[in-house]
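The values are calculated or read from the model by the stated rules, or taken from the named source; none is laboratory data. Just so you know, these numbers come straight off a predicted model, no measurement behind them. Ideal geometry is used to build each Cβ from the backbone, glycine not excepted, and the neighbour counts take in all protein chains shown. These accessible areas exclude ligands, DNA and RNA; they are computed on the full protein's heavy atoms, side chains included. Shrake-Rupley method; radii C 1.70, N 1.55, O 1.52, S 1.80 Å.
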Amino acid sequence: MVNKESYQQIIHELAPKQVKLVAVSKTKPIEDILALYELGQRDFGENYVQELIEKQSQLPQDIRWHFIGHLQSNKVKYIAPFVHLIHSIDNEKLLHEVNKQAIKQNCIIHCLLQIHIAQEETKFGMNEEELKNIINKKNNESAFPNIFLKGLMGMASNTVDLSKIRNEFKNLKSMYDTYFQSSPSNKMILSMGMSSDYAMAVEEGSNAVRIGSLLFGARDYK
Ligand SMILES: *Cc1c(COP(=O)(O)O)cnc(C)c1O
């Protein structure tokens, strides 16, 4: 079930700050996505390739699909024809593969680099060295010609220690400021914040939040 009140409230909160809402619809049915679509939502995020391509084929074609989950190289080809933004580039090899598929599609694919900011072992992402390396290759060697690097994504630790979460967001924001500059014609993206921590993420400079359970209810993984 979609929580329309929660949606309206979040939109009301984010719009004046020009923060983009990506509605994370993983595991949720088509009808739930349509319910938010009818309220005007166009940006949706999914984590699983198979699920995304099934939904994409059944839903309105003006939805902007964000891929936010761990992406395997051998599956990039399935989403390359339509994906709006990949938030989860967590290694250079994956970026090479996305570039290759973009060349095949004769398009430019917009990507965020996912940075590992949490202390937990399980979360994917690169460190600042790897980030710097990719930026240098792109700028100095014209690497990844069919990739547009649009910014950074990160997930904070899953903890009740708010000061820890805040520090992780600050750390990501400072990397974003170092490596990405928005211009009036090209708005860069700092994708940070989920249901539990989006307000803090916005305070710390996020301009794109990925919210699932507050909009669609808790997920039921079978
Ligand atoms: C599932 C997911 C979200 C949304 O999580 P909620 O806590 O339901 O808001 C955001 N970002 C990523 C990368 C996710 O996998």
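Some notes on this structure:
- Scanning the stretch 69-88 for residues being open to solvent by 10 Å² or more (accessible area, probe 1.4 Å) and in a helix (DSSP H, G or I) gives a total of 5.
- Within the stretch 8-21, none of the residues are more than 16 Å from the ligand (Cβ to nearest atom), in contact (Cβ under 8 Å) with a residue 12 or more places away in the chain and among the small types (Gly, Ala, Ser).
- Residue in the stretch 43-53 that is farther than 22 Å from residue 200 by Cβ, among the aromatic types (Phe, Trp, Tyr), more than 16 Å from the ligand (Cβ to nearest atom) and at pLDDT 95 or above present: no
- Filter result for residue 77 (touching a helix residue (DSSP H, G or I) at 6+ places or on another chain (Cβ under 8 Å), of a type in the set (D, E, K, R) and more than 16 Å from the ligand (Cβ to nearest atom)): yes
- Some residue of the stretch 28-45 being open to solvent by 30 Å² or more (accessible area, probe 1.4 Å) and within 21 Å of residue 72 (Cβ to Cβ): no
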